[in-house]
Structure formats: structure tokens, C-alpha cells
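Derivation of every value follows stated rules applied to the coordinates shown; laboratory data play no part. Source: prediction; values computed, not measured. Counting neighbours? That spans all protein chains shown, and the Cβs are built from the backbone with ideal geometry, glycine included.
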Amino acid sequence: MKTYDKLVELSKKRANYFCLIDPDNLAESQAVEFARVSEENGADGLLVGGSIMVNNNFDSNLKAIKANVKIPVLIFPGIFNFVSPHADALLLLSVITSRNPQMLIGEQVRAAPLIKHYGLEAIGTAYMLIESGKITSVHFMSGSMPLPREKNDIAVAHALAGYYLGMKLIYMDAGSGAQFSIPEAMITAVKTNVPLPMIVGGGIKTPDEAAGKAEAGADFIVIGNILEKNYDPKLIKEFAKAIHQVKRSKLKK
Ligand code: 1GP
């Protein structure tokens, strides 16, 4: 079964939980420990990547993570030298809120031959960067103006464009460490207008806040920064519990 099909199946049952691992910040043993503890405490998948690559350990960390967990391991490429065969799939992001051609298609063209070479599953993802109260790494590194956080109609128009272009997932991101996470009203507006599984992340700080995003319509909630800063298996589990209690039938339509 393709990883994308597994994600679709998961999204039909309940809200789901992705933990984000930035390989730059962790030694291999730490990355593996974090991945295993995340899986043991309820993560439904792992996103591995970041906005910049400072250390030369992405490939080796990814390989070690993949060998130690059963949940899907997805590459989350801030930049496209993040292509590696040691993952279940790569989120092939196009920053559809950007007007920077390099982020819309340039980086993807650079990545595509390597994706083919490795036979890697690529999941076309409409990545929407939403204004979050401060300049995040992805905002700066992508040279993209984020979408205003109160403009639900503009958000829906972008997500619909991604859908009509044939993209398979929507990822609404406030950026790692964002001051403010994505507003629930915007999540619901996009979810009710666009029939694609939706990932939401950036600046989510508590399990309650994560549950709010799930209830608003997010199918996958990404938690990174807060777990990295306060590594605590109990907190990982509390996020899982809060997210998983949102069953698909209860999601706002
Ligand atoms: C960032 O959506 C992810 O791209 C997760 O954000 O690190 O703030 O949890 P945080």
C-alpha cells in the first residue's frame, strides 16, 4: 500500500499526530530515541526535515530513524537537497502561497530526477505559509510573503487552486516556532471547501491547542518545536491523547 493511501485511510478515522524531527538539531542516537519514543507514545507518523541544513547528517539520521520505527517516515524538505531513499515518502511541497518561482517549481525540478532515481514515493503537497506574528525560518528562507491570517477567502482560493492542479495534500503551516498557530476559522474554511487531507502545524504549544486544530478540521497535526525544547515522553503522549480523541465523524463539516 502506498504511504499516501495509508494517510488517506488514517484521515478517515480520526485526527492524527505527526512529530517533526529536525535532523540538524540531533545526533543520530538522539534522533532514533526521539523517533522511537514518539511512536511508543502515539505518533502516527514522523516528518523529518527543516528549513536549512547545517549538519551533514540528514541521510544517516533518516536511515537510522527508518530502521527503528514502523510508522510512516516522511521527508519534509525545506530545501530540496533533502532527497533521500531512506523514507516511506517525500512531501513534494510547492509553496502555493509564494510568488517566488523557485519555491513554486524551481526546487521541485531540481529534486525530481533524484526522486525518480531512488524510486521514492513523492506526494504532491500544496504548502500554504500563513502569517504567524513573527518572521519564521521558512518565511525568510523561502522568500515568500505569508498569507494574511484573517483572510479565509484567500486561503480557500489557494487551497482550491492546489486541489485543481492535482495536488494530494494541503499543508497549512505557520512555520516552526511560530508565535501564533493557524486560526481555527481558517482551518475550517479550507477543510469545508477542499476535499483533500489536511496537515496543520507551526507554533502549536499545548495539547488543548492541538485538539482545537483537529476539531476545526485538521487531519494531521504537526508538533515539532515544543517537543524539541521540552523533550518529555509524557508530553508526547498528552498531545497524542488530545489529538486522537477527535474522531472523524465529529470534525466540523
Ligand atoms: C513546522 O509545522 C511544523 O513546519 C511544526 O511547527 O515546530 O512550531 O511545532 P512547530
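Some notes on this structure:
- For the stretch 1-134, convex hull volume per residue from C-alpha positions, Å³: 128
- When the charge dipole of the chain is built from unit charges on Cβ atoms (+1 for Lys and Arg, -1 for Asp and Glu) and taken about the Cα centre, the candidate among GLY212, LEU129, SER249 whose Cα reaches farthest toward its positive end is SER249.
- Largest GNM mean-square fluctuation across SER94, SER137, SER29, computed for the chain with C-alpha springs under 10 Å, falls on SER29.
- Antiparallel beta bridges, as assigned by DSSP with both residues in the chain, represent about 5 percent of the total such bridges.
- Largest GNM mean-square fluctuation among PRO101, PRO23, PRO197, using the chain with Cα springs under 10 Å: PRO101.
- Counting other Cβ atoms within 10 Å as a rough exposure proxy, the listed residues ILE154, ILE71 run ILE154, ILE71 from fewest neighbours to most.
- Residue-averaged [θ]222 nm for the chain, counting only DSSP H segments that reach four residues, each worth -39500 (n - 2.57): -12000 deg cm²/dmol
- Using a simple spin-label model with pseudo-atoms 7 Å out from Cα toward Cβ, LYS234 and ASN25 lie 2.1 nm apart.
- Separation of the stretch 172-187 and the stretch 124-155, taken as the distance between their Cα centroids, equals 9 angstrom.
- The stretch 154-253: radius of gyration over Cα atoms, expressed as a fraction of 2.2 N^0.38 Å: 1.06
- Charge sum, other residues only, whose C-beta stays under 12 Å from ILE170's C-beta, Lys/Arg counted +1 and Asp/Glu -1: 0
- Mean projected area of the Cα convex hull of the stretch 2-71, taken over all directions, amounts to 5.0 nm².
- Relative contact order of the stretch 147-230: 30 percent, from C-alpha pairs under 8 Å at least 6 residues apart in sequence.
- In whole percents, the pair-distance distribution calculated for the stretch 76-182 from its alpha-carbon pairs, binned every 5 Å from zero, is 2, 13, 23, 23, 20, 12, 5, 2, 0.
- Inverse mean reciprocal Cα-Cα distance (Kirkwood Rh) of the chain, Å: 17.7
- Taking 7 Å steps out from each Cα toward its Cβ at ASN81 and VAL54 produces label points 1.6 nm apart.
- For the options ALA89, ALA15, ALA64, a Gaussian network treatment of the chain with springs between C-alpha atoms closer than 10 Å singles out ALA64 as fluctuating the most.
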